[in-house]
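Here is the structure we will look at, set down as structure tokens.
The values are calculated or read from the model by the stated rules, or taken from the named source; none is laboratory data. Owing to the predicted nature of the structure, the values given are computational and were not obtained by experimental measurement. Please note: Cβ atoms are built from the backbone with ideal geometry, for glycine as well, and neighbour counts cover all protein chains shown.
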Amino acid sequence: MIHPPKNFKARPTTDRAKESLFNILSNYIDFSEIKVLDLFGGTGSISYEFASRGCNNITCIELNYKHYVFIKETINNLGFSQIKAYKSDVLKFLNKYTDKYDIIFADPPYDLPEIDTIPDIIFNNKLLNKNGLFILEHSDKTLFTNHPKLKEHRNYGGVNFSIFETLKSE
């Protein structure tokens, strides 16, 4: 279990929601064969979860310096050399880098003004591999029901996951 400092401003994904999400993902993927991008890393818990399930290629992006340092320290303490953490603005990162991933997970602040643009940024920049998944954690105030690439939506109390996929023809 990880323990961020008391003055930590990140809102980690609840254990119940995280467990449910990874149960869903285990039906779609082999964790040992995927490349993951974790956006708005916060405590880094999603990256650690992927690593603990055998994922060997994880990139974690976090803007807040204190959070980034905590993630780097935790990666070292847990021995997760397969996680690479970077301090960067997520929106700038998405528009600058061209690597492709099998899974992209984003847990932005729920009140982020650009939250509804994140799926289109990812798809317009072609950041997902064929059959890749993008998972966006958000509040119930943000809905993507009409997005053409929405695969499914899950709600766990106040935590919502919208799961998007690349189309097979892309």
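Assorted remarks:
- Number of the exception - residue 166 against (1) buried (at least 18 other Cβ atoms within 10 Å of the Cβ); (2) closer than 15 Å to residue 106 by Cβ: (2)
- Within the stretch 94-116, the presence of a residue that is over 19 Å from residue 134 (Cβ atoms), touching a helix residue (DSSP H, G or I) at 6+ places or on another chain (Cβ under 8 Å) and either surrounded by 20 or more Cβ atoms within 10 Å (Cβ to Cβ) or in contact (Cβ under 8 Å) with a residue 24 or more places away in the chain (or both) is excluded.
- Residue among 19, 49 that alone is surrounded by fewer than 16 Cβ atoms within 10 Å (Cβ to Cβ), under 27 Å from residue 8 (Cα atoms) and among the charged types (D, E, K, R): 19
- Where residue 22 falls short, out of the listed (1) under 25 Å from residue 117 (Cβ atoms); (2) outside any loop (DSSP other than H, G, I, E, B); (3) touching a residue at least 12 places away in the same chain (Cβ under 8 Å): (1)
- Each residue in the stretch 64-82 was checked for being surrounded by 14 or more Cβ atoms within 10 Å (Cβ to Cβ) and not in a helix (DSSP H, G or I), and 3 pass.
- Meeting the requirement of 3 or more residues that are in contact with a Pro (Cβ under 6 Å, 6 or more places away or on another chain), no strands (runs of 3 or more DSSP E) wholly within the stretch 127-170 can be named.
- Candidate set from the stretch 148-168 (those that are within 23 Å of residue 98 (Cα to Cα) and of a type outside the set (Ser, Thr, Tyr)); member that is modelled with the lowest pLDDT: 168
- Meets criteria (surrounded by 15 or more Cβ atoms within 10 Å (Cβ to Cβ) and part of a helix (DSSP H, G or I)) for residue 43: no
- Single match in 38, 99, 116, 111 (criterion: among the acidic types (Asp, Glu) and in a strand (DSSP E or B)): 38
- Residue count, the stretch 144-170 (criterion: touching a His at 6+ places or on another chain (Cβ under 8 Å) and not aromatic (Phe, Trp, Tyr)): 4
- Residues satisfying the stated conditions in the stretch 135-155, i.e. surrounded by 14 or more Cβ atoms within 10 Å (Cβ to Cβ), within 23 Å of residue 67 (Cα to Cα) and either polar (S, T, N, Q) or free of Cβ contacts under 8 Å to residues at least 60 places away in the same chain (or both): 136, 138
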